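Peer 1: Quick one: structure below, then a few questions.
The values are calculated or read from the model by the stated rules, or taken from the named source; none is laboratory data. Since the structure is predicted, the reported quantities are computational estimates derived from the model, not experimental observations. Cβ sites come from the backbone with ideal geometry, for glycine too, and all protein chains shown count toward neighbours. Heads up: the accessible areas ignore ligands, DNA and RNA and are worked out on the full protein's heavy atoms, side chains in. Shrake-Rupley method; radii C 1.70, N 1.55, O 1.52, S 1.80 Å.
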Amino acid sequence: MKDYIIIGAGQSGLAIAYYLNKQNVNYLIVDANSEVGAPWLKRWDSLKLFTPSEFNSLPGLEFPYKKGHYANKYEVAGYLKGYVSNFKIPVEFNHKITSLKKENGIFKLESNLKTFEAKNVIVATGPFHKPFTPSCHTKISEDILQIHSEHYKSPDQLKEGATLVVGAGDSGVQILNEISKTNTPVYFSGNTDIVSLPQEILGKTLWWWFSKVGFLTANKYSWIGKKLSNTGQPVIGTDVKTLFKKQNITCVGRTLDANEKTITFEKQKVNDIKNIVWATGFKPNFNWIDGIELDENHYPKNYRGVSKTIDGLYFLGLPWLYTRGSATLGGVKNDAEYLNEYLIEKVSK
């Protein structure tokens, strides 16, 4: 029996573990992966953070790279591993929690290997659960290689010939940019009328400006927070207008349908595609939590990480849990600190 079990050894789980260490409570992190940092290491090889080092620290340990450095995935994973080692955070790996129930005041957590029990549970599994791919992908010929961005590593994975990249978010634009540098024909499916911002403005990082104007601290219940949370996320660090003008990139609009090797887009039909990278995001999945109530975006109903429906159940690392930074490496510490103070106050009552 643990006082707390944290599900997930990513930045959110580690941040609250730091504070639980200070409380000297009996807690454990359980994680589905085989090592700390695994979700970062699984992503594409050229991935870099959009935030510079000075905005990437978890509580109690500075991110160990010079100011202005944009870390790659290996550096992030190394930092997280060092964090666990530095604070002696207890983690049990290879436990994917498939069921969470509260019975007689105690939480029972079932993994593929064993059952855990705890008085309180903190779900820190992040926002990325089920890769989303449009339904028309099942109509596409098996001769065409299809990869979701979750499994994309580099252009070396791709067959020779034209590649389609679907998705106008940061991942889609970064992957499109990388593949276009191989000079292979590339089709882009998605909204081209997207906002892109440089990583630096007037010698200061974009995140420095965001912090000065209050974008990073505006909460989702405030007027500016409601505006920000309802607008599309800008693409950072890539000049998309210049990218879309490259000779080997053809913008075809939204993907509408498919029939074997012919794919129909808003602007045209194409039948020479050999590869598709679906950078179409993820859907949340909290169906394994018994009795949970979800909001209109399919995230658990909560206030600042405290479940509104199940006493003793908490959440960290969700997008806009409280601010824009709630799901980011450097932003989660504020939510973790708040939750820690809430837990201390609850115990003292």
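Peer 1: Out of contact with any helix residue (DSSP H, G or I) (no Cβ under 6 Å at 6 or more places or on another chain) and either in a strand (DSSP E or B) or open to solvent by less than 60 Å² (accessible area, probe 1.4 Å) (or both): which single residue out of T280, T242, T231 fits that description?
Peer 2: Just one listed residue meets the conditions, T280.
Peer 1: Now for a separate question. Evaluate region 284-301: report whether one residue or more is among the acidic types (D, E) and open to solvent by less than 60 Å² (accessible area, probe 1.4 Å).
Peer 2: Yes.
Peer 1: Give region 55-89 a look and list any residue that's open to solvent by 60 Å² or more (accessible area, probe 1.4 Å), touching a Phe, Trp or Tyr at 6+ places or on another chain (Cβ under 9 Å) and free of Cβ contacts under 8 Å to residues at least 24 places away in the same chain, or say none.
Peer 2: Listed by number, the residues that qualify are P64, Y65.
Peer 1: Of the residues S307, S326, which is open to solvent by less than 60 Å² (accessible area, probe 1.4 Å), modelled with pLDDT under 95 and under 19 Å from A15 (Cα atoms)?
Peer 2: Step by step, each of S307, S326 is checked, and only S326 is open to solvent by less than 60 Å² (accessible area, probe 1.4 Å), modelled with pLDDT under 95 and under 19 Å from A15 (Cα atoms).
Peer 1: Which residues, counting only those in region 210-259, are within 30 Å of S180 (Cβ to Cβ), of a type in the set (D, E, K, R) and either in contact with a strand residue (DSSP E or B) (Cβ under 8 Å, 6 or more places away or on another chain) or in contact (Cβ under 8 Å) with a residue 60 or more places away in the chain (or both)?
Peer 2: Scanning region 210-259 gives D239, K241, K246, R254, D257.
Peer 1: Next question. Of everything in region 259-274 that's within 16 Å of G190 (Cβ to Cβ) and assigned to a strand (DSSP E or B), which residue is most open to solvent (accessible area, probe 1.4 Å)?
Peer 2: The selected residue is T264.
Peer 1: Does F215 count as surrounded by fewer than 18 Cβ atoms within 10 Å (Cβ to Cβ) and under 22 Å from the mean Cα position of the chain (by Cα)?
Peer 2: For F215, the condition - surrounded by fewer than 18 Cβ atoms within 10 Å (Cβ to Cβ) and under 22 Å from the mean Cα position of the chain (by Cα) - is met.
Peer 1: I would also like to ask the following. For region 90-139, list the strands (runs of 3 or more DSSP E) that sit wholly inside it and hold at least 1 residues that are of a type in the set (G, A, S) and either in contact with a His (Cβ under 6 Å, 6 or more places away or on another chain) or surrounded by fewer than 16 Cβ atoms within 10 Å (Cβ to Cβ) (or both); which are they?
Peer 2: 97-103, 106-111
Peer 1: Every residue in region 22-35 that is out of contact with any helix residue (DSSP H, G or I) (no Cβ under 6 Å at 6 or more places or on another chain), not in a loop (DSSP other than H, G, I, E, B) and not β-branched (V, I, T), please.
Peer 2: Selection gives K22, Q23, L28.
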